[in-house]
Amino acid sequence: MSAPMNIREMIAHNTKLQKQLNTKNKKYYGDMIVYIRSSGIDDRRGEELLLELLLHLIQAQKEGRSAQDVFGSDPSGYCRELVSQLPRPKMVDRLSMLVMIPWIAVTWLFLAEGLMGLLLLVTSTPDGYSNQMSLAFLLGLALTSLLLVKLVMLLMNRTAFTEHNRKFYVLFLLLYIVSIAAVVAAGFFLKSYLPVFSVSPWAAFVIFAVGYAGQKYWLRSGAK
Amino acid sequence: MSTYTQMLKGILEGCILMIISQDEVYGYELSKKLQDSGFDFVSEGSIYPLLLRMQKEQWIEGYMKSDSKSGGPPRKYYKLTGPGEEVLMQFRNNWSRMKLSVDDILTGGTQA
């Protein structure tokens, strides 16, 4: 008996095994994956189920039965039933997501900020220039990054079993643009109340390095 | 959900508990055993929502295990818990009583 399997290993097995499916079964099963992974359920239990269903389907395919024969002609209804019986993520996992997403967004912002500052140094922009960073902007970015991830998850969940129609994507794009605009406007409004500080390119790189280390650590521990 | 569907689900759950109590099984084996016993009116996939529900009720526990001999992918096996054994015992009692009653009616009510 092997040690308990971590989530990353299960996903790797899953991806490899899917290659054994024929085109039609792959489509059916692929939609199930998109729906279940975007349903906000406990990751470990979700991956266990997906692997279980996949192994069943592969065996059935060998015996000449299709995904439709095994899971029925209403994949969306079937998956809703499965998801309704799966546990929600633990509170600590949910909180960790809420912190990790803005963390990653801010980390990469500082890389851009550092590179930009370096460019200004190299091209020797007139004196007195310093990299300005406002707290309002950082807060706005943090909020937007969360919003974007949630929206993409929602989009995947709602369209998992539909033929991907353009209207739906346009609608979500619009919604996203509006939400960014709202956040930017809020940031602009708050700017006069919140501090603005200057960050040298070197400080920005240090912040990026720390942030990146945190991101690495987080992604690794999250996949256990 | 109709009463009939619910009754079927209850019976299916009882049978699944029985199979799991006899041997460690994974999903595919379980559905195979049900089919072999003549449960061909339930679709294969319908065992998975039931397995999830029974885990939620803590009647059964699932655990991942790799087949060490073939080095194959990890499979999810199931075993019965303490509460699961009690539910199974109840099911057996209820079923024998119901079977007697139904048989009695079907054979023209010979029992007192």
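The values are calculated or read from the model by the stated rules, or taken from the named source; none is laboratory data. In this text the structure is predicted, and so the values were computed from the model without any measurement. So basically every Cβ, Gly included, is an ideal-geometry build from the backbone, and we count neighbours across all protein chains shown. What goes into the accessible areas is simple: the full protein's heavy atoms, side chains included, and nothing from ligands, DNA or RNA. Shrake-Rupley method; radii C 1.70, N 1.55, O 1.52, S 1.80 Å.
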Checklist line | For the pair A and B, total buried accessible area rounded to nearest 100 Å², probe 1.4 Å | finding: 2200
Check: What full-extension length gain, to one decimal in nm, is calculated for A:Ser73 and A:Arg88 as 0.36 nm per residue of separation minus the Cα-Cα distance?
Finding: 2.7 nm
Checklist line | Largest-first ordering by accessible area, 1.4 Å probe, given options B:Met18, A:Met5 | finding: B:Met18, A:Met5
Next item on the list: Measure off, as a whole percent, the carbon and sulfur share of the 1.4 Å-probe accessible area of chain B, all protein chains present.
Entry: 52
Note to self: With angles folded into 0 to 90 degrees, how steeply does helix A:75-85 sit against the dominant principal axis of chain A? Use alpha carbons for both and round to 10.
What the structure shows: 70
Next item on the list: Could you tell me which helices of chain B pass both thresholds, a Cα extent of 18 Å or more along their own axis and a mean Kyte-Doolittle hydropathy of at least 0.5, with helices taken as whole DSSP H runs?
Entry: B:3-22
Margin query: From the protein chains alone at 1.4 Å, what is the descending order of accessible area for A:Lys16, B:Lys76, B:Lys99, largest first?
Written below: A:Lys16, B:Lys99, B:Lys76
Margin query: Quick check for you: with a 1.4 Å probe and neighbouring chains kept, what is the accessible area per residue of the protein assembly as shown, in Å²?
Written below: 60
Checklist line | Centre separation in Å (Cα based) which lies between the stretch A:185-224 and the stretch A:1-58 | finding: 34
Check: To the nearest 10 degrees, how steep is helix A:43-62 against the longest Cα principal axis of chain A, on a 0 to 90 scale?
Finding: 40
Next item on the list: Please sort B:81-89, A:45-53 by packing, taking for each peptide the average over its residues of neighbouring beta carbons within 10 angstrom, highest first.
Entry: A:45-53, B:81-89
Notebook entry, point to check: Across the residues of B:43-56, average count of Cβ atoms on other protein chains within 10 Å?
Noted result: 6
Note to self: Just checking the output field for B:80-88: average partner chain Cβ neighbours within 10 Å of each residue's Cβ?
What the structure shows: 0
Notebook entry, point to check: What is the sum of charges around B:Ile16, taking Lys and Arg as +1, Asp and Glu as -1, for the other residues whose C-beta is under 15 Å from the C-beta of B:Ile16?
Noted result: -2
Next item on the list: Could you point to the residue in A:Val196, A:Ile180, A:Ile207 farthest towards the positive end of the stretch A:153-224's charge dipole, with +1 and -1 charges on the Cβ of Lys/Arg and Asp/Glu respectively?
Entry: A:Ile207
Notebook entry, point to check: Hey, if we sort B:Cys15, A:Cys79 by accessible area with the 1.4 Å probe, largest down, what's the order?
Noted result: B:Cys15, A:Cys79
